[in-house]
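Engineer: Below is the structure I would like to discuss, written out as structure tokens.
The values are calculated or read from the model by the stated rules, or taken from the named source; none is laboratory data. Quick caveat: nothing in here was measured; it's all calculated off a predicted structure. Please note: Cβ atoms are built from the backbone with ideal geometry, for glycine as well, and neighbour counts cover all protein chains shown.
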Amino acid sequence: MGRKRVHTQIPTYDEFIKPVIKVLVNLGGSGTIEEINGKVFELLNLSDTILQIPHGDDEARTEVEYRLAWTRTYLKKYGLLINSERGIWSLTQPNIDPTAVDSSKIVRAVKEKHRQALQEKNKFTKVVRKIGIEEQPEEELIWKQKLLSSLFRMSPNAFERLAQRILRESGFIQVEVTGRTGDGGIDGKGIVRISGFLSFHVIFQCKRYKTTVTPSEIRDFRGAMQGRADKGLFITTGSFTREAIKEATRDGAPPIDLIDGELLCDKLKELNLGVLTKKVESVEIDESWFTKL
């Protein structure tokens, strides 16, 4: 099946609006991007073939993820969604009825708001840019794509050291990079303590992937960690297939926590590791102040 034909089977960003709202309602009104996307995939029964289609030449992000990012952007601009600094997206109306939502109305309202904002901006500039809202990428997409590009350029050893730093900054102790050939893909180990009493030995594996991690890779990693740790941690710049996620949490098997490219970017931003968050100064004119002189 050709890629163009498969692309037509992917819902457009506006077709994702109702499913996203329905999923958030079922999640209790809030959720992470990973939770929301995963539930939408299940709700619409999207095949792995569709889910793995990259967005253009950007193999770090799939086309489905890109369109869902725009869905969140429209819902946020319309006022139905808000997101916290910790990456949690929440409905502003938790009891909203997804079936009563008019997707076309949301799209029209956001585009009109954007058009008016451009008109206001053009009053104070000599350059008039004719740009549609679809051509403006979500800010979140821009910095994460740049960050992932930087991670792809790192050497394998440097990426392992980055994983070590992340774990140390997150409270792990005795974190060591042990990656070597023939060790089943194990790149390092560490200990995490809870409340200063309980401790768990963790083994981690990190992959600079632009593609998806498969269930077989999760099984191989689990086989390598058997008898050597309480938990496993798999870190990748790519993503995990639905089957890989199921394999990581399979009943009766040692648990493996997963960190994909999206979560990795959020963690680096949270820990201020190579990601600087700058506050932009906002200048407002108090016109009433002048009238009182």
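Engineer: Quick check, is ILE285 crowded, with 18+ Cβ neighbours inside 10 Å and either more than 27 Å from HIS201 (Cβ to Cβ) or among the β-branched types (Val, Ile, Thr) (or both)?
Structural biologist: Answer is no for this residue.
Engineer: Identify, please: which residue in the range 196-221 is touching a strand residue (DSSP E or B) at 6+ places or on another chain (Cβ under 6 Å) and of a type outside the set (A, V, I, L, M, F, W, C) and is, among those, farthest from HIS55 (Cα to Cα)?
Structural biologist: Filtering the range 196-221 for residues that are touching a strand residue (DSSP E or B) at 6+ places or on another chain (Cβ under 6 Å) and of a type outside the set (A, V, I, L, M, F, W, C), the one farthest from HIS55 (Cα to Cα) comes out as SER199.
Engineer: Out of LYS111, LYS146, which single residue is within 24 Å of TYR13 (Cβ to Cβ), at pLDDT 80 or above, within 23 Å of the chain's Cα centre (by Cα) and not assigned by TED's automatic domain parsing to the domain that holds GLU15? Give the derivation first.
Structural biologist: Numbers: LYS111 fails: within 23 Å of the chain's Cα centre (by Cα).
Unique residue meeting the criteria: LYS146.
Engineer: Inside the range 11-118, counting only strands (runs of 3 or more DSSP E) that do not spill past its ends, which hold 1 or more residues that are among the charged types (D, E, K, R)?
Structural biologist: Strands (runs of 3 or more DSSP E) meeting the threshold: 58-62.
Engineer: Check GLY227, GLY190, GLY223 and return the single one that is more than 21 Å from GLY252 (Cα to Cα) and in the same structural domain as ILE256 (by TED's automatic domain parsing).
Structural biologist: GLY190
Engineer: Return the pairs, sorted by first residue and then second, in which the second residue is surrounded by 15 or more Cβ atoms within 10 Å (Cβ to Cβ) and assigned to a loop (DSSP other than H, G, I, E, B), the first residue lies in the range 164-179 and is in the same structural domain as ILE259 (by TED's automatic domain parsing), the beta carbons are less than 6 Å apart, and the residues are 6+ apart or on different chains.
Structural biologist: GLY179/ASP187
Engineer: Moving on to the next point. Tell me, which residue of the range 1-41 that is over 26 Å from LYS105 (Cα atoms) and loosely packed, with under 15 Cβ neighbours inside 10 Å is modelled with the lowest pLDDT?
Structural biologist: Looking at the filtered set, the residue picked out is MET1.
Engineer: It is to be established whether one or more residues within the range 175-194 are surrounded by 15 or more Cβ atoms within 10 Å (Cβ to Cβ) and over 23 Å from LEU271 (Cβ atoms).
Structural biologist: Yes.
Engineer: I would also like to ask the following. Filtering the range 206-256 down to residues that are surrounded by fewer than 17 Cβ atoms within 10 Å (Cβ to Cβ) and hydroxyl-bearing (Ser, Thr, Tyr), which residue is farthest from GLY185 (Cα to Cα)?
Structural biologist: Ranking the candidates gives THR249 first.
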